[in-house]
1. To the nearest whole percent, what portion of all C-alpha pairs in segment 4-54 is separated by more than 18 angstrom?
2. Tell me, what is the percent relative contact order of segment 4-54, built from C-alpha pairs under 8 Å that lie six or more residues apart?
3. Using 7 Å Cα-to-Cβ label points, what is the Arg77/Asn132 separation (nm, one decimal)?
Amino acid sequence: MFTRAQEAAIVNMVMANNCIRLREIQANIINDDRIFNNIQRVSLSTLARILKKNQVHMKQLYRVPFDRNSERVKHLRTEYVERVLQMDAEQIQHEFIYVDEAGFNLAKTRRRGRNVIGHRAITNVPGQRGGNITLCAAITKNGVLHHHANLGPYNANLILAFLDRHVIKSKQLLCRGGFVTQGDSSNGALPMKT
């Protein structure tokens, strides 16, 4: 029924989109008059059999945020490390307070996908999607200084308010030339108010 070229095209559909469903593959085959011109209909079981024959199996999806390893983010990480090392080398002792936020996404997404045996099934996802709860915490070498939960994402204003209310006042800090980063610096460095 399917030629080797057509089977390869089916496998390529899966390689291009690891979370494609059998029904979507079926619709693509029926609507494609170029490669699949002799196919008017195909069952889902036939598609599953072709994928199995070509060593494409269902597996858990590995979700990768699409901006995590961009050149911009790598550059921001490098700047962050250089600044911390510079502060560590100065004669004036600094107490490092690490501020981080973590979002808990409440939306459901596909957790299973297909790919060739020996390769992960990967899908790109946006950083946040759907309703979420975000927890922001300030941590020192002595433990958690303060934490706060928020419905929805944290932005620069909420981070600065968190710092003003909980971190700076509780430690009675004089902030000059300091900086705050959010997570892995993917949102950029924010200057502290002096």
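1. On the way: 228 of 1275 pairs.
Distances greater than 18 Å cover 18 percent of the Cα pairs.
2. 39 percent.
3. Those two pseudo-labels are separated by 1.8 nm.
Computed from the coordinates by the stated procedures, all read-outs in this text should not be read as laboratory data. Since this is a predicted model, take the numbers as computed values, not measurements. Every residue, glycine as well, gets a Cβ built from its backbone with ideal geometry; the counts of neighbours run over all protein chains shown.
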